[in-house]
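Participant: If you scroll down you'll find the structure; I have some questions about it.
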Amino acid sequence: MNVLRHHRLDAVIVALAAVVVISAATGPGGSIRVGGFAGAAALFVLLARRWQPLAASALSFVGIMVAAQESPKASGAEFFAVLLVFGVAGTLRTRRDALIAWVIGCLTFGTAMSHNPYVGGAGDIALTLTFCSVIWAAGLGVTERSRAAALAHERAEIAESSRDYDVREATVQERARIAAELHDIVSHGLSIVVVQTVAARMALEDSGPPEQIDHRLDAVESTAREALADMRRLLGLLQPTDLPIPADGASSSIGLAQVPAL
């Protein structure tokens, strides 16, 4: 499907060129046939626009000029071929190339029309070139909108990937900070527990007063409880937040109900 969408303009060019060839082949002959074949060749040249866009458009306009000179009384298919060449000229890669192609088209086709005995003068030339320029501008507008949409899509993808990267970076940094804080809290608490325990043991060995021993043991108990509470709080921050939480909020621990999510 993407291949067809990418080459649908090529299919239109080939189909119209075939119509022009058939029209020329079934015509009365002579210069009309030569002009029809030149118009079909001008359309086939457009197939090279992906490799040499400006050169292909310029050669195509030259072919249109030759066709207009060889067959002054152009058929409907040949006129549609002229419009298609102008429309494709508006779809070139850059606006500069499109503008140059438009100037070449106006000069070549205008010159051919000025030598056409069936053209009613400058008014007909100006009207025809104006109509062709409208088709060219339509092709340019569609191309500009497509480029803007593609650029916006690319920027959105870049912003999305950058946002995901920033989120991952922030998560890693926050987890590292929490891990460091957890290490400091546990180390500090255990250090105090060790010191108070050693002091309580020394008091027991020296037959110190019971109040002093109770004070040491109370300090050990309170310090251990505070360190344990801080450790639980920090571990809670490190737990994943995308697991289902019980509706009653009775417990946030992971059980058998969370096995599918895990």
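The values are calculated or read from the model by the stated rules, or taken from the named source; none is laboratory data. Not measured: the values here are computed from a predicted model. Virtual Cβ from ideal backbone geometry, glycine too; neighbours counted across all protein chains shown. We work out accessible area using only protein heavy atoms, side chains counted, and drop any ligands, DNA or RNA first. Shrake-Rupley method; radii C 1.70, N 1.55, O 1.52, S 1.80 Å.
Participant: Rg and Dmax of the range 86-181 over Cα atoms: what are they, in angstrom?
Facilitator: Rg, Dmax (Cα atoms, Å): 26.2, 92.
Participant: As an exercise, use a Förster radius of 51 Å and the Cβ-Cβ distance of LEU234 and TRP51 to find the FRET efficiency, rounded to the nearest 0.05.
Facilitator: Efficiency computed from Cβ-Cβ geometry: 0.25.
Participant: How far, in nm, would the chain grow between ARG175 and GLN212 when pulled straight, counting 0.36 nm per residue and subtracting the alpha carbon separation? Each step should come with its number before you reach the end.
Facilitator: Details: separation 37, 0.36 × 37 = 13.32 nm, distance 4.08 nm.
So the extension gain works out to 9.2 nm.
Participant: Tell me, what % of the accessible area of the range 64-143 is carbon and sulfur with a 1.4 angstrom probe? Spell out each step's value before the answer.
Facilitator: Numbers: 2760 of 3910 Å².
Heavy-atom surface of the range 64-143 belonging to carbon and sulfur, 1.4 Å probe: 70 percent.
Participant: Further question on the same structure: So with the 1.4 Å probe, I'd like the accessible area per residue for the range 49-149, rounded to whole Å².
Facilitator: 51
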